[in-house]
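Read the structure below first, then the notes.
The values are calculated or read from the model by the stated rules, or taken from the named source; none is laboratory data. Since the structure is predicted, the reported quantities are computational estimates derived from the model, not experimental observations. As a convention, Cβ positions derive from the backbone with ideal geometry for all residues, glycine included, and neighbour counts pool all protein chains shown. Note: accessible area is taken over every heavy atom of the protein model, side chains too, but ligands, DNA and RNA are not part of it. Shrake-Rupley method; radii C 1.70, N 1.55, O 1.52, S 1.80 Å.
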Amino acid sequence: MIEKIDEIKASIQNFSIESDADLEAFRLEFLSRNGKIQSMFGLMGSVPKEQKAAVGKSMNEVKILAQNRFDKAKDKLASATKKVFGALDDISLPVEPTYTGSFHPLTQALDEIKQIFLRLGFNIADGPELEDDFHNFTALNFPADHPARDMQDTFFIRKTDDPDTDDLVLRTHTSPVQIRLMKNQKPPVRSIMPGRVYRNEAVTAKSYFQFNQVEGLYVDEKVTMGELIETLVMFARLMYGSDVKYKVRPSFFPFTEPSIEMDVWWENEKGGQWLEILGAGMVDPNVFDAVGVDSEKYTGFAFGMGVDRIAMLRYGIDDIRLLYDNDIRFLEQFKSQ
Ligand code: PHE
C-alpha cells in the first residue's frame, strides 16, 4: 500500500500544468470524486489494523500535496492572464484619444440650405442620377445639335443613332428633376431637388467631375421675377447673414427666360472676389409645353445652386478637391458644436 501511495505522490509531482486544460486534467485525475486520491482512500478497508494510522497519515499528506499543487498552478495561470490586460490595473494611465465622427461639410451646407427652403414653404423632391437625353436636355429646351449642349460637358453612358432609343447620360444638372416633377404633379409646385451631378471637366482647384446642386422650382398662377429675386435674396441673407454682399446679373439658360445669375462677395486674405453661387430664371414656356403644363395659365421660376461652392464660401475652403479626398485631418475641422 505504501508503494502505491508513493507512486501517486510521484505522479502528482511530475504532472506538468502549463494551461487551463492541464489544470482541469490534473483535477480530474487526482482531486475529483472518481480520481486517484479518492479511490486510494477507498482501499483503507483492506489495510491491516496496526498499519492504519501510518497509512492514513501518508494518504492525507498526498491529498494535501495534490491540493497545494492545484492551488499554486491555478494562481500562476490567473496572474499570467492578468499580465496581458495589465493596463487595466492602473486607471490613471493616459489613454489614446478616440476620434468621434462628424458630418461632412457638404452635408452640413446641404442641411442648412434645406432648412432655409423648408422655412420658405418648399418641399423636397428627388430624381435619378442616370438620366436620358430627353429629361436632361430636350425637355429643357436644349435644341438638338445646338451648341447650348456644349455648355455642359457630358458623360455619355449610352450614345445611339437609333431614333427610337434615347442616349443615357450622367445628369449634368438637377434641372431634369423639374421635368419629372411637372410630369407627375399639376401646379402649384414648390419644391427643392438636391442631388449629385457630373461633368466631364478637367479637375482643378475650382472644378471637379462631380459636384452637388440644389434645384428649386415654383410654379403657380402669377409667379413673378420679383418673387424669384426676393426668394434668392432671402436665401443669401439666411445663409450668409443679413449683411451679405450680393449681385444679381443677367445670364442665359435654354430653359429659363429671362435668366439671371447671383454672385456673393467672398472676403479673403487677398481682399476678396465675387463668386457665382447660382443660376435662375423664369421657366421658359417651351419647357411647360414639353411637360403639358398650360403656359397661358401658369408661370414659374427655377434656380439651381452649387452646394460645393456654397460650402467653400461658408467655410473658407479654397480647393474643391478637398471635399472629395476624405482626408481625416481636413474633415476633423468641421465638427459641429
Ligand atoms: N441647371 C443650371 C446649371 O447647371 C442652373 C439653373 C437651374 C439655371 C435652374 C436656371 C434655372 O447649371
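Taking into account only those residues within segment 267-280 that are without any contact (Cβ under 8 Å) to a residue 24 or more places away in the chain and part of a strand (DSSP E or B), which is farthest from the ligand (Cβ to nearest atom)? Selected residue: Gly271. Scanning segment 192-202 for residues that are within 24 Å of the chain's Cα centre (by Cα) and outside any strand (DSSP E or B) returns a single hit, Arg199. Scanning segment 246-266 for residues that are crowded, with 17+ Cβ neighbours inside 10 Å, touching a residue at least 24 places away in the same chain (Cβ under 8 Å) and in contact with an Asp or Glu (Cβ under 9 Å, 6 or more places away or on another chain) yields Phe253, Pro254, Phe255, Thr256, Met262, Val264. Inspection of segment 227-239 finds a residue satisfying the criterion of being closer than 16 Å to Leu275 by Cα, surrounded by 14 or more Cβ atoms within 10 Å (Cβ to Cβ) and within 13 Å of the ligand (Cβ to nearest atom). The set of residues from segment 1-27 being part of a helix (DSSP H, G or I), in contact with a helix residue (DSSP H, G or I) (Cβ under 9 Å, 6 or more places away or on another chain) and within 20 Å of Glu61 (Cβ to Cβ) comprises Ile2, Lys4, Ile5, Asp6, Ile8, Lys9, Ser11, Ile12, Gln13, Phe26, Arg27.
Give me a count of the residues in segment 157-189 that are under 30 Å from the mean Cα position of the chain (by Cα) and surrounded by fewer than 18 Cβ atoms within 10 Å (Cβ to Cβ). Summing the residues that are under 30 Å from the mean Cα position of the chain (by Cα) and surrounded by fewer than 18 Cβ atoms within 10 Å (Cβ to Cβ) in segment 157-189 gives 2.
The set of residues in segment 212-257 being in a strand (DSSP E or B), under 32 Å from the mean Cα position of the chain (by Cα) and among the aromatic types (Phe, Trp, Tyr) consists of Tyr218 alone. Tell me yes or no: at least one residue of segment 313-322 is in a loop (DSSP other than H, G, I, E, B), without any contact (Cβ under 8 Å) to a residue 60 or more places away in the chain, more than 12 Å from the ligand (Cβ to nearest atom) and open to solvent by less than 80 Å² (accessible area, probe 1.4 Å). Yes, there is a match, as at least one residue in segment 313-322 is in a loop (DSSP other than H, G, I, E, B), without any contact (Cβ under 8 Å) to a residue 60 or more places away in the chain, more than 12 Å from the ligand (Cβ to nearest atom) and open to solvent by less than 80 Å² (accessible area, probe 1.4 Å). Counting residues in segment 54-75 that are out of contact with any Pro (no Cβ under 9 Å at 6 or more places or on another chain), in a loop (DSSP other than H, G, I, E, B) and open to solvent by less than 80 Å² (accessible area, probe 1.4 Å) gives zero.
A search for C-beta distances below 9 Å between a residue of segment 172-191 that is in the same structural domain as Leu120 (by TED's automatic domain parsing) and assigned to a helix (DSSP H, G or I) and any residue that is open to solvent by 30 Å² or more (accessible area, probe 1.4 Å) and within 12 Å of the ligand (Cβ to nearest atom), counting only pairs 6+ apart in sequence or on different chains, returns Ser175/Phe253.
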